[in-house]
Amino acid sequence: MRRLAVRYGTQRSQIGELWHPGGGQGPFPTVVLVHGGFWRAAATKRLMRPLAAALSS
């Protein structure tokens with residue numbers, strides 16, 4: 001599996017992560033996990049990484 005950081009603005013917090021299988025032919029299903037930022041002080045986007053990894057494998 002691969003993870004790619006994608007910036008959508010100039011602010012440090014304006015970044016997304018694209019997770020996809022490391023090989024094989026598509027098309028692949030798409031799942032969007034949204035970290036709204038409201039609870040950023042309690043949990044960073046790292047909270048979603050295990051779920052993203054599991055869904056992309």
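The values are calculated or read from the model by the stated rules, or taken from the named source; none is laboratory data. Predicted model, so just to flag it, every value in this text is computed and none were measured. A quick note on method: Cβ atoms are made from the backbone with ideal geometry, for glycine too, and the neighbour counts reach across all protein chains shown. Only protein heavy atoms, including side chains, enter the accessible area calculation; ligands, DNA and RNA are left aside. Shrake-Rupley method; radii C 1.70, N 1.55, O 1.52, S 1.80 Å.
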With the first residue restricted to the range 1-12 and required to be open to solvent by 90 Å² or more (accessible area, probe 1.4 Å), and the second required to be part of a loop (DSSP other than H, G, I, E, B), Cβ contacts under 9 Å at 6 or more apart or on different chains are 1/21; 1/22; 1/57; 2/21; 2/22; 7/14; 8/14
If we keep only residues of the range 26-53 that are under 16 Å from residue 16 (Cβ atoms) and open to solvent by 100 Å² or more (accessible area, probe 1.4 Å), then the residue modelled with the lowest pLDDT is 40
Taking first residues from the range 22-34 that are part of a loop (DSSP other than H, G, I, E, B) and second residues anywhere that are open to solvent by 100 Å² or more (accessible area, probe 1.4 Å), the pairs with Cβ under 6 Å that are 6 or more apart or on different chains are 22/1; 22/2
